[in-house]
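Asks: One structure coming up, written as structure tokens, with questions to follow.
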Amino acid sequence: MNAELLSVGTELLLGNILNTDARYLANELAELGINVLHQSVIGDNEARLIEALQLAISRSDIIITSGGLGPTGDDITRETIAKALGKKLILDEPSLERIRESFSRMGRSMGKSNIKQAMLPEGCIILQNDWGTAPGCIVEQGKKIVVMLPGPPRELYPLFAKTVRPYLSKFSEGIIFSTSLREFGIPESTVQEILDDLMKGTSPTLSPYAKEGEVQLRVTAKAATEEQARKICHPVVDEVKRRLGNAIYGEDVENLQQAVVQALKKRNQKIALAESCTGGMTASRITEVSGSSEVFECGVVTYANRVKEALLGVRQETLETDGAVSEQTASQMAEGIRLKAAADYGVGITGIAGPGGGTAEKPVGLVYVSVSDGKDCYVRRLLLGHGNAEREFIRYLSSSNALDMARRMILGIPQMKSAVRVDPPRPQNPGSYFGK
């Protein structure tokens, strides 16, 4: 069967909100073996929504809408689609009661406008929303199926998984299984060259998706069962891992920070961070991961030189002679925070993120990243970005490089060739701040 996605909301059309719903739904439908032929974004306009729905029905079997089920005047999906399908809206008392209970749990009174959320097309299959106030619904119109889902991802994702996916599974024409490998450190063009012959295959397929500083490689196969599809994928997955080696940081992991947290948890080890130009971005990324409290000791942001001295033990002569942005400072930051936090690993990041502050000797984008475990210490000199307007890109790539260096040290695998091993420095005031 063929499907089409209609994302409703002027805020999506204007780019004010990223349309993550469509990406999620397309992936879910692909796994069910249902082809997604078209995706459309429509503003909060009745005429244009009806036009888009009629076009979708003319060429697709399943139409899934997201958004526009709220209580305000510009939430028009439910009533517009009902009108287009020739269906009356009928008050569903159980849905209304659940909405009232939801407000009651929050200690708030339900407004009259929320009643419209319980007005659903006659004869529809009601999808109980346990994550928000707006129920979804499925309308079967002859051989066509229209699914209406709320827009907020925190509601749409679990609602689809619990109710819509089981419903649609009976229409699945085989199973499409995908697994993702993620690599960091090899440019996309080089990855393409290394894996070119594998990317030309048709069963399974291997597709690259460039991210910021890394590449996601998706291996996909279609078969009668998931087990058969997995078996088809395995040889290509193994070959990709063999060719890219230590650059592969995980299979079916979301990001570098998740890979680092998983590696630390497996070994019951701790990490601490000292950041300058990244401003705590690396700590923020690590603490996004569930369970990071088991492995993350602390993160400090040390912009001022006097704070680098006082808090991390960076030597005054190092700052005067080599400067805050230097191999020596980065390594002392890494070892200093490791000692202060009594952690297994310390990470130090210092650099010039721009747009100002660069010189001919130390341009914008110059960053030093270091990782230390007290026995070994490595430093990488990075020159990131292509101009003074890429501050956030420089900060993010600096953070990613720090996470990858930490991952490699935790796993005991070689650092990238550009990493220089130095003897772990002795900060000028070693010792833990935390009584360990």
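Read-outs throughout are calculated quantities, based only on the coordinates presented, and are distinct from any laboratory measurement. A quick note: this is a predicted structure, and the numbers were derived from the prediction, not measured. All Cβ positions, even for glycine, are placed from backbone atoms using ideal geometry, and neighbour counts span all protein chains on display.
Asks: What's the local net charge at Leu25, with K and R +1, D and E -1, over the other residues with C-beta under 14 Å away? Each step should come with its number before you reach the end.
Replies: Numbers: positive: Arg23, Arg165; negative: Glu4, Asp21, Glu28, Glu31, Glu155.
Residues close to Leu25 contribute a combined charge of -3.
Asks: Can you put Val422, Val240, Val369, Val261 in order, fewest other beta carbons within 10 Å first?
Replies: Exposure proxy ranking, most exposed first: Val422, Val240, Val261, Val369.
Asks: Let me ask something additional. Quick one: order Ser189, Ser102 by neighbouring beta-carbon count within 10 Å, fewest to most.
Replies: Arranged by neighbour count, lowest to highest, Ser189, Ser102 become Ser189, Ser102.
Asks: Once the other residues with Cβ under 13 Å from the Cβ of Leu256 are scored (Lys, Arg +1; Asp, Glu -1), what is the net sum?
Replies: Here the charged neighbours net out to -1.
Asks: Moving on to the next point. Among Ser284, Ser293, which comes first, then next, by fewest other beta-carbon atoms within 10 Å?
Replies: Ser293, Ser284
Asks: So what is the diffusion coefficient of the stretch 2-171 in µm² per second by Stokes-Einstein at 37 °C and 0.692 mPa s, using a Kirkwood Rh over Cα pairs? Walk me through the intermediate numbers first.
Replies: On the way: Rh = 16.0 Å.
It diffuses with D of about 205 µm²/s by this estimate.
Asks: Going by the alpha-carbon gyration tensor, a ≥ b ≥ c the square roots of its eigenvalues, is the stretch 175-251 rounded (a/c under 1.5) or, if a/c is not under 1.5, prolate (a/b greater than b/c) versus oblate? Walk me through the intermediate numbers first.
Replies: On the way: a/c = 2.05, a/b = 1.87, b/c = 1.09.
Cα axes put the stretch 175-251 in the prolate bin.
Asks: Which of the cysteines found in the chain have nothing to pair with, since no other Cys Cβ lies under 4.7 Å from theirs?
Replies: Cys233, Cys277, Cys298, Cys377
Asks: Which length gain, in nm to one decimal place, applies between Asp130 and Arg165 when the Cα-Cα distance is subtracted from 0.36 nm times their residue separation?
Replies: Result for the pair: 11.0 nm of gain on full extension.
Asks: Here's another thing I want to ask about it. Hey, what's the Cα Rg ratio for the stretch 256-422 versus the globular rule of thumb, 2.2 N^0.38 Å?
Replies: Taking the Cα Rg and dividing by 2.2 N^0.38 Å, one obtains 0.95.
Asks: Holding the Cα-Cα limit at 23 Å, pick out from Lys270/Lys308; Lys375/Lys417; Lys241/Lys270 the pairs that are longer than that.
Replies: Lys241/Lys270
Asks: Separate question: Checking the a/c ratio against 1.5 first, then a/b against b/c, what shape does the Cα gyration tensor give for the stretch 222-335?
Replies: Details: a/c = 3.74, a/b = 2.47, b/c = 1.51.
Here the stretch 222-335 falls in the prolate category.
Asks: Give, rounded to the nearest 20 debye, the magnitude of the charge dipole that the stretch 256-422 has about its Cα centre when Lys and Arg contribute +1 at Cβ and Asp and Glu contribute -1 at Cβ. Numbers along the way, then the final one.
Replies: Details: 20 positive and 17 negative charges, 84 e Å.
Taking the Cα centre of the stretch 256-422 as origin, the dipole is about 400 debye.
Asks: Which value in deg cm²/dmol, rounded to the nearest 500, describes the helix-derived mean residue ellipticity at 222 nm for the chain, given -39,500 (n - 2.57) per DSSP H run of n ≥ 4 and division by the residue count? Numbers along the way, then the final one.
Replies: Numbers: 16 runs with 162 residues, N = 436.
About -11000 deg cm²/dmol.
Asks: Ok, one more. When 1/r is averaged over all different Cα pairs and the result inverted, which Kirkwood radius in Å belongs to the stretch 5-91?
Replies: Computed over Cα pairs of the stretch 5-91, the Kirkwood hydrodynamic radius comes out at 13.6 Å.
Asks: Please give, to one decimal in nm, the separation of the simple spin-label points placed at Glu93 and Lys200, each 7 Å out from Cα toward the Cβ.
Replies: Taking the simple label geometry, Glu93 and Lys200 are separated by 6.8 nm.
Asks: How much space per residue, in cubic angstrom, does the convex hull of the C-alpha atoms of the chain take up?
Replies: About 182 Å³ per residue, rounded to a whole number.
Asks: Now for a different question. Once you put a point 7 Å from the Cα of Thr225 and another 7 Å from the Cα of Asn16, both along the Cβ direction, what distance in nm separates them?
Replies: In this crude spin-label approximation the distance works out to 5.0 nm.
Asks: Also, I was wondering about something else. Taking every alpha carbon pair in the stretch 354-430, what does the distance histogram look like in 10 angstrom bins from 0, in percent?
Replies: That works out to 18, 42, 30, 10, in percent per bin.
Asks: Considering the convex hull of the alpha carbon atoms of the stretch 312-402, report its projected area averaged over all viewing directions, in nm², one decimal.
Replies: Dividing the Cα hull surface by four gives the mean projection, 5.8 nm².
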